[in-house]
Amino acid sequence: MTLELRNEDRPYLPRGVRMQRDEVRGRMVLVAPEKVIELDDIGAAILLRVDGMARFDQIVADLASTYNAPAEMIAQDVQQFLQTLRGRLYLMVQA
Amino acid sequence: MSVPPPIAMLAELTHRCPLSCPYCSNPVQLERKETELGTEAWTDVFQQAHAMGVLQLHLSGGEPASRRDLEDLTEAAAGIGLYTNLITSGIGLTPRRLDRLEAVGLDHVQLSLQGTTAKLADRIGGYRGGFDRKMAIAKEISARGIPLTLNAVMHRQNLDDLDRTIEMAVELGARRLEVACVQFHGWAMSNRAALLPTRQQTMAVKQTVAGAAQRLQGVLAFDFVPPDYYADYPKACMGGWGSSGLNVTPNGTVLPCHAAQTIPHLAFENVREKPLLDIWRASSAFNAYRGTEWLPEPCKSCERKETDFGGCRCQALALAGDAGVTDPICKKSPKHKEVVKVLLERRFEEDQTLLHRSF
Ligand code: SF4
Ligand code: SF4
């Protein structure tokens, strides 16, 4: 299986994986089975849009307009970030 | 010194377990039921842990399902927002108990696997019928969609079954397979002769894991804990002593790592007597090997000291007779030749007998 997300894929965080605020350390984290991943602002902004409804290309377009950045560059970053999570099964997609 | 808070806590709810694996990580001196913390005391520990910054709670043992209040404890932990991970052999769980665990918010199950056939698994676990019961409950877990990790503890007597282990993980719908080669502490140390893998097996297992991880990408994630004895450098114990995790034993004793009680000169404190935060920050046991200040040579002037913190303290004690020296697994350790000697002296065809854990 390839980890690459296609434009029409709708990524989501599966059961057992969630984004939450780490109050004590004042940051956002992704908690997953036996793993805590610290999220920077970009990571959190991406995952905020990952809801199982939005398509990959819509997520990219939304980020591009919010941050006023070129879509190709955003697409690359989002693709890379989501693929890493997908490789660990912290992220899944529905077509 | 300001001490950053821990991320994860391992709660050894009980040392009781229907199985008696010869590599069990519980101490050789097991704690009895009468001394275990009660439901309220554990709930209080969970609240303290959460308030100080713990995000993940591992509900472990022994066999945590041996506690009849496992569901209540899970509810208490999940209710305050802790990520709850149940580390179990599956024995003692039933479909009804799973329903309740699911309803109260259990996040994840880590199921141990002693072998891939009833014959092997029941011999290793020392519990006849255990394998079949485990498989039945594994199917119940996966049918409910509860996120599942399979934890296969590998050693000389089952390493050759790795391919089948991987297949089973896929069949059971596990998301993750932990291939954990036995670490030699406690009970496993008494069984080292029978469990230590051969060099050939060690090479083969690395290749098998790498190949399968590639082939199954997006289907099954792998975590691989290689056997220490054939490594060049040691692993960081607990990601660094007193840096990110802590253990609480059934009676409330707080440990920097599950084997820390093998170090005789350390004194451990108990949640019955002191707040968890004080123990974490100020107790002599946690501060004994925290950070890198205390490190001896050759670690002190080594560029890897922030990576492995000089390795495992319990292993340094077990192999070099001193918990305060470089882990002898490290090839730079002056005691390293003794590790190599253990390997060279092994005659692997002999000695398959296992000493099972017991109270
Ligand atoms: S390692 Fe085996 S004996 Fe020890 S707690 Fe786990 S299942 Fe029980
Ligand atoms: S000398 Fe110490 S710090 Fe360096 S690799 Fe060995 S154990 Fe790690």
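Read the figures in this text as sums done on the coordinates, not as results from a lab. What you are looking at is a predicted structure, and each value in this text was computed from that prediction instead of being measured. No Cβ is skipped: glycine too gets one built from the backbone with ideal geometry, and neighbour counts run over all protein chains shown.
Points to keep in mind about this one:
- Inter-chain Cβ neighbour average for residues A:4-12, partner chain, 10 Å: 0
- Using the alpha-carbon positions of segment A:10-87, Rg (one decimal) and Dmax (whole number) come out as 12.6, 36 Å.
- Amide H to amide H distances under 5 Å link A:Asp22 with A:Arg27, A:Met28, A:Val29, where only residues 5 or more positions off or on other chains count and H is placed in the peptide plane.
- Among the trypsin sites (Lys or Arg not before Pro) in segment B:1-55, those placed in a DSSP loop whose Cβ has at most 15 other Cβ atoms within 10 Å are B:Arg32.
- Amide H contacts under 5 Å for B:Leu93, placed H, 5+ residues apart: none
- Across segment B:5-10, rounded Karplus estimates of 3J(HN,Hα) from the backbone phi angles (6.51 cos²θ - 1.76 cosθ + 1.60, θ = phi - 60°) give x, x, 8, 10, 10, 9 Hz, Gly and Pro being marked x.
- Sum of -39500 (n - 2.57) over DSSP H runs of 4+, divided by residues of chain B (222 nm, nearest 500): -10000 deg cm²/dmol
- Taking GluC sites (Glu not before Pro) as exposed when DSSP calls them loop and at most 16 other C-beta atoms lie within 10 angstrom, chain A has its longest site-free stretch at A:24-95.
- Cross-link reach list, lysines versus B:Lys33, counting only Cα pairs under 24 Å and skipping chain neighbours closer than eight places: B:Lys134, B:Lys274
- Each residue in B:Thr202, B:Thr292 was given a count of other beta-carbon atoms within 10 angstrom of its own, and listing them fewest first yields B:Thr292, B:Thr202.
- Membrane-span-like helices in chain A, defined purely by DSSP H runs whose alpha carbon atoms cover 15 Å or more axially and whose average Kyte-Doolittle hydropathy reaches -1.0, are A:56-67, A:71-87.
- About the centre of its Cα atoms, segment B:108-257 shows a dipole size close to 180 debye [charges on the beta carbon of Lys, Arg (+1) and Asp, Glu (-1) only; nearest 20 debye].
- Listed residues B:Ile279, B:Gly61, B:Cys299: farthest to the positive end of the dipole of chain B (Cβ charges): B:Cys299
- Close amide H pairs (under 5 Å, H built 1.01 Å from N) link B:Asp327 with B:Cys312, residues at least 5 positions away or on another chain.
- B:Glu171/B:Asp278 FRET efficiency (R0 45 Å; Cβ-Cβ; nearest 0.05): 0.40
- Normalised convex hull volume, segment B:123-182, alpha-carbon set, Å³ per residue: 80
- Seen through its C-alpha gyration tensor, with square-root eigenvalues sorted a ≥ b ≥ c, the protein assembly as shown comes out rounded because a/c lies under 1.5.
- In this entry, segment B:35-100 is assigned a mean projected area of 4.4 nm², taken as a quarter of its C-alpha convex hull surface.
- The 3J(HN,Hα) values that the Karplus relation (6.51, -1.76, 1.60; θ = phi - 60°) gives for segment B:234-247 are, in residue order, x, 8, 6, 6, 6, x, x, 4, x, 9, 9, x, 9, 10 Hz. Gly and Pro appear as x.
- For chain B, the fraction of alpha-carbon pairs in successive 10 Å shells from zero, as %: 5, 24, 33, 28, 9, 0
- Per-residue Karplus couplings for segment B:200-209, computed as 6.51 cos²θ - 1.76 cosθ + 1.60 with θ equal to phi - 60°, are listed in order as 4, 4, 4, 5, 5, 5, 4, 5, 4, 5 Hz, Gly and Pro entered as x.
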